[in-house]
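This report concerns only the one structure given below.
The values are calculated or read from the model by the stated rules, or taken from the named source; none is laboratory data. The shown structure was predicted, so the numbers you read here are calculated from the model rather than taken from an experiment. A quick note on method: Cβ atoms are made from the backbone with ideal geometry, for glycine too, and the neighbour counts reach across all protein chains shown. Just the protein is used for accessible areas: all its heavy atoms, side chains included, with ligands, DNA and RNA removed. Shrake-Rupley method; radii C 1.70, N 1.55, O 1.52, S 1.80 Å.
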Amino acid sequence: MAAERGVGVGVSVGAAGAGRALPPHSPSSPVLQTVEMHTGGEPLRILPRLEPAERAAAGGLSLLSLRREVAAAQDHVRRALVHEPRGHAGMYGAVVVRGEAAAEGAHLAALFLHGAGYSAMCGHAVLALGRFALDYGLVPEPSRPETAVRLRCPCGPVTAFVPWDGQRSGNPVRFHSVPAFAAATDLAIDVPGHGKVVVDIGYGGTFYAFLSAEQLGLDVCSSKTRDLVCAASAVTEAVKKQFKLHHPESEDLAFLYGTILTDGKDAFSEEPTTNICVFADEQEAKFGDYNAVVVEVSGEAFYTGTATFTVEEEDPLKYGFLFK
């Protein structure tokens, strides 16, 4: 790890563990040291270094190609960190990759991990990684009162703006995302069990379908979470089958990540609205053939600790399990 500013990662053991820094573990399996954060309650488990990924990045792989390489050869790392018993259904992770970042003129690059696989963009992770980059010395010359942290995500370059007091980062953090655009509006989709609904499909690093929960006979504030999740998942699968997505730069990004159910007020209200996102507006821009905007998002990210994870080879659940 790069030189750190006022932040340490260590392992503390009591008298019973005196002389032993780690519990018994397989010498052939990696020891995974992480930094734990959350943004508005959304967890982020940061893996500051994954040696095979860094070697592959040094070999010239693009971030999208690196994502495929890690998924094919290192997916046990994702499962060990994100799935139970070390993680849970809502756990999210980020692998920091520096070789790729240096080649692209960024301070760091990141691969995003979740229970079902790998995503191209994650807003809450970007907010946390902005602070992490400053506190862990990945930005050579931070500036006051705010530092621009350049990140490369699988979807493209993203810039986070992080308060800096000369010694440590602060909140709130904001970021400018990749160009966002509407891939389709007022699209009629036949959802099994719900009939025809009308959705919009938007892109802001990943593609999402948007519709009011009312179209599905639900309310985002009062309906059971399981009912909302099941309905949103049904919409996601229906859109995948009935609408072909296109990304202006890479077909690797042309996939529907999930569905967002709204309270139906977003089209005409200046007041805060409620939505539920089920997955696994400032500057005019042009992105391919689409009219697009560069969106600014802000939020607060906090550290919750550090962790060191090990694996015992004989453990039948060593790479995790996941209940749905």
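Please work out if ASP200 is under 25 Å from the mean Cα position of the chain (by Cα), of a type in the set (D, E, K, R), within 24 Å of HIS124 (Cβ to Cβ) and open to solvent by 50 Å² or more (accessible area, probe 1.4 Å). Full working, then the answer.
Values: under 25 Å from the mean Cα position of the chain (by Cα): yes; of a type in the set (D, E, K, R): yes; within 24 Å of HIS124 (Cβ to Cβ): yes; open to solvent by 50 Å² or more (accessible area, probe 1.4 Å): yes.
Yes, satisfied.
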Item to check | Among (1) modelled with pLDDT of 95 or more; (2) open to solvent by 10 Å² or more (accessible area, probe 1.4 Å); (3) part of a helix (DSSP H, G or I) - the single one ALA102 does not satisfy | outcome: (1)
Checklist entry - Are any residues in region 307-324 closer than 26 Å to PRO48 by Cβ, in contact with a strand residue (DSSP E or B) (Cβ under 9 Å, 6 or more places away or on another chain) and of a type outside the set (A, V, I, L, M), and if so, which ones? => result THR308, PHE309, THR310, GLY320, PHE321
Checklist outcome for this item: Taking region 119-155 and keeping only residues that are more than 18 Å from SER298 (Cβ to Cβ) and touching a helix residue (DSSP H, G or I) at 6+ places or on another chain (Cβ under 7 Å), one is left with ALA120, VAL139, PRO142, ARG152, PRO154, CYS155
Checklist outcome for this item: Residues of region 181-197 being open to solvent by less than 20 Å² (accessible area, probe 1.4 Å) and either within 27 Å of the chain's Cα centre (by Cα) or aromatic (Phe, Trp, Tyr) (or both), in sequence order, are PHE181, ALA184
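Output the residue which, of all residues in region 144-169 that are of a type in the set (Ser, Thr, Tyr) and under 14 Å from HIS107 (Cα atoms), is most open to solvent (accessible area, probe 1.4 Å).
Applying the filter and picking the extreme gives THR159.
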Item to check | Residue that is modelled with the highest pLDDT [pool: residues in region 46-65 that are farther than 27 Å from GLU313 by Cβ and open to solvent by less than 20 Å² (accessible area, probe 1.4 Å)] | outcome: LEU63
Checklist entry - Does region 122-137 contain any residue that is closer than 20 Å to THR306 by Cβ and in a loop (DSSP other than H, G, I, E, B)? => result yes
Checklist entry - Does any residue of region 283-302 turn out to be open to solvent by less than 90 Å² (accessible area, probe 1.4 Å), closer than 19 Å to VAL199 by Cα, modelled with pLDDT under 75 and of a type in the set (Gly, Ala, Ser)? => result no
Item to check | All positions within region 151-178 that are among the basic types (Lys, Arg), at pLDDT 95 or above and within 20 Å of the chain's Cα centre (by Cα) | outcome: ARG174
Checklist entry - Going by the structure shown, is ALA109 touching an Asp or Glu at 6+ places or on another chain (Cβ under 7 Å) and more than 16 Å from SER169 (Cβ to Cβ)? => result yes
Checklist entry - Is one or more of the residues making up region 170-177 open to solvent by less than 20 Å² (accessible area, probe 1.4 Å), polar (S, T, N, Q) and not in a strand (DSSP E or B)? => result yes
Checklist entry - Here are ARG86, ARG68: which of them is open to solvent by 10 Å² or more (accessible area, probe 1.4 Å), touching a Gly at 6+ places or on another chain (Cβ under 7 Å) and of a type in the set (Lys, Arg)? => result ARG86
